[in-house]
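*Asks:* Before we start, here is the structure in question, set down as structure tokens.
The values are calculated or read from the model by the stated rules, or taken from the named source; none is laboratory data. All figures in this text were calculated on a predicted structure; none of them were measured in a lab. Methodologically, a virtual Cβ is constructed for each residue, glycine included, from the backbone with ideal geometry; neighbour enumeration extends over all protein chains shown. Areas reflect the complete protein model, heavy atoms only, side chains present, ligands, DNA and RNA absent. Shrake-Rupley method; radii C 1.70, N 1.55, O 1.52, S 1.80 Å.
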Amino acid sequence: MQNLYSIRMRAARGGAHEDGGRHISGAERIVPKDKIPAVLQQLYSRAEKHQLGRPDFINITVESLSGREVNRVTSLPVYTLGCRDYPEGRRLAVKVLELKGIPPRVIEKGFSCLLGDSPSGTGENMRGAILLDINTGRRLEADPGRGVRASRMDYHPDVTPDLSEQLDEFGLNNDHVREALCLATKVANLPGIVAELCWSDDPGYTAGYVAAADTGYIRFPHLKARGNRRGGRIFFVDPGRAKPKDIIGKLEQKIYIITALGPVHGEITLEELKRSIRLNEIHQRRTVLS
Ligand code: AMP
């Protein structure tokens with residue numbers, strides 16, 4: 001693979017993030033050198049035209065990844081669990097998190113962090129994710145206003161046309177799903193991560209997901225009410241499997257490129273999802289034994 005560059009954009013209003021500005025948007029790509037000018041333009045336009053408002057601070061960083069290890073992975077399989085409204089979506093999301101063995105009180109703590117007055121303690125959305133210990137229910141981020149940002153992941157350009165085609169079939173070919181699937185695939189592949197829960201800050205986008213390595217990327221069309229500007233992310237972690245410091249280091253620094261695609265499925269029920277997880281477990285046990 002030719003030399004790659006990580007390009008990261010973050011935009012805020014009311015000054016830079018570090019000076020208390022309100023986070024508006026963030027996005028990132030990993031590309032070869034000849035694509036840098038076009039991607040700079042795309043990320044700049046993206047920052048300028050966000051639903052949450054016009055930023056007065058935009059930071060775009062270009063960093064060479066020369067000499068760094070690149071991990072190649074397959075994207076998580078995508079499923080949709082149908083729900084009529086966000087209370088039903090949240091009930092289903094709780095059930096999927098329970099399937100991952102996360103204690104109900106920790107799941108409840110996670111939801112109350114995202115739904116409380118402000119997970120960041122500043123009245124604003126966080127820029128990153130909450131890191132929640134599944135054993136104690138304690139938050140593990142050093143800076144609760146910022147949270148922990150997963151970074152340095154992208155699709156290989158060879159797989160993006162196929163991905164768009166597969167997602168198109170189910171009306172899911174949009175920036176939200178493509179970027180969240182990429183992030184969730186990296187996060188789920190890291191040791192110590194048990195599951196992720198997310199819904200967007202975008203007031204016009206009500207869907208959210210739970211993702212984990214052996215369950216896949218499970219979408220819920222409604223996890224919040226339309227018009228609501230509050231979004232957030234939780235990485236549920238087990239410090240018994242990896243030290244939080246190492247998990248954070250890998251979330252921020254380890255480079256992941258998606259070079260193959262998992263399947264994109266249509267709408268399924270919770271029972272069908274459970275059956276599919278059981279089949280995956282049997283398949284994995286057979287693979288380990290053989
Ligand atoms: P979004 O899906 O981009 O609207 O983001 C929803 C929430 O996820 C944001 O409010 C942040 O708290 C969090 N978030 C966004 N990007 C990242 C990231 N790269 N790593 C960790 N958390 C993120």
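*Asks:* Between region 1-39 and region 173-209, how far is it from one alpha carbon centroid to the other, in angstrom?
*Replies:* If you average the Cα positions of each part, the centres end up 18 Å apart.
*Asks:* Is any residue of region 60-93 close enough, with backbone N under 11 Å, to a label point placed 7 angstrom from the Cα of Thr259 along the Cα-Cβ axis, and if so, which?
*Replies:* Zone members listed by number: 70-74.
*Asks:* Under 5 Å between amide hydrogens, which residues at least 5 positions from Ile258 or on another chain qualify, with H placed 1.01 Å from N in the peptide plane?
*Replies:* Placed amide hydrogens put Val73, Asp154, Tyr155, His156 under 5 Å from Ile258.
*Asks:* Here is a further query. I'd like the per residue volume of the convex hull spanned by the Cα atoms of region 1-91, given in cubic angstrom.
*Replies:* Dividing the Cα hull volume of region 1-91 by its residues yields 176 Å³.
*Asks:* Could you give each residue of region 218-230 its phi-based ³J(HN,Hα) in whole Hz, using Karplus coefficients 6.51, -1.76, 1.60 with θ = phi - 60°, and x for Gly or Pro?
*Replies:* For region 218-230, the Karplus-derived couplings read 10, 8, 10, x, 10, 10, 8, 6, 4, x, 7, 8, 8 Hz, x marking Gly and Pro.
*Asks:* Percent of accessible area on the chain owned by carbon and sulfur, 1.4 Å probe?
*Replies:* 48 percent
*Asks:* Please give every one of the aspartates and glutamates within straight-line cross-link reach of Lys35, meaning a C-alpha to C-alpha distance under 16 Å, and leave out same-chain neighbours fewer than 8 residues apart.
*Replies:* The qualifying aspartates and glutamates are Glu63, Asp154, Asp158.
*Asks:* Roughly how many whole Å is it from the C-alpha centroid of region 221-289 to that of region 71-94?
*Replies:* Each part reduced to its Cα centre gives a spacing of 9 Å.
*Asks:* Continuing with the same structure: Can you compute the FRET efficiency between Arg178 and Arg285 using 1/(1 + (r/R0)^6), with r the Cβ-Cβ distance and R0 = 30 Å? Round to the nearest 0.05.
*Replies:* So the FRET efficiency works out to roughly 0.40.
*Asks:* Let me ask you something else. What distance in nm separates the simple spin-label points at Lys95 and Leu65, each placed 7 Å from Cα in the Cβ direction?
*Replies:* 3.8 nm
*Asks:* Could you tell me which of Val237, Cys198, Ala150 has its Cα farthest along the dipole of region 143-253 towards the positive end, charges placed at Cβ (Lys, Arg +1; Asp, Glu -1), taken about the Cα centre?
*Replies:* Val237
*Asks:* Another question, if that's okay. Just need the relative contact order of the chain here, percent rounded to a whole number, with Cα pairs under 8 Å and 6+ apart.
*Replies:* 23 percent
*Asks:* Between Gln42 and Arg54, what length in nm is gained on full extension when 0.36 nm per residue of separation is reduced by their alpha carbon distance?
*Replies:* Contour length minus Cα-Cα distance gives 2.7 nm.
*Asks:* Another question, then. With a ≥ b ≥ c the root eigenvalues of the C-alpha gyration tensor of region 134-259, is it rounded (a/c under 1.5), prolate (a/b larger than b/c) or oblate?
*Replies:* oblate
*Asks:* What aspartates and glutamates could a cross-link reach from Lys100, if we take a straight Cα to Cα line under 13 Å and drop same-chain neighbours fewer than 8 places away?
*Replies:* Glu196, Asp214, Asp238, Glu281
*Asks:* Over region 217-266, what per residue volume does the convex hull of the Cα atoms give, in whole Å³?
*Replies:* Per residue, the Cα convex hull of region 217-266 comes to 164 Å³.
*Asks:* Can you list residues from other chains, or at least 5 along the same chain, whose modelled amide H is less than 5 Å from the amide H of Val237?
*Replies:* It is Leu132, Asp133, Ile134, Val194, by chain and number.
*Asks:* If a helix is a whole DSSP H run, which ones in the chain reach 15 Å or further along their own axis (Cα) and hold a mean Kyte-Doolittle hydropathy of at least -1.0?
*Replies:* Within the chain the helices that satisfy the rule are 36-48, 86-99, 104-115, 175-188, 270-289.
*Asks:* When ranked by the protection proxy of mean other Cβ atoms within 10 Å per residue, highest first, what sequence do the peptides 20-27, 220-227, 59-66 form?
*Replies:* Averaged packing, sorted descending, gives the order 20-27, 220-227, 59-66.
*Asks:* Same structure again: Return the Rg/Rh ratio of the chain with Cα-based radii and a Kirkwood Rh.
*Replies:* Taking Rh as the inverse mean 1/r over Cα pairs, Rg/Rh reads 0.94.
*Asks:* May I have the convex hull volume per residue, in Å³, for the Cα set of region 187-285?
*Replies:* Convex hull of Cα atoms, per residue: 139 Å³.
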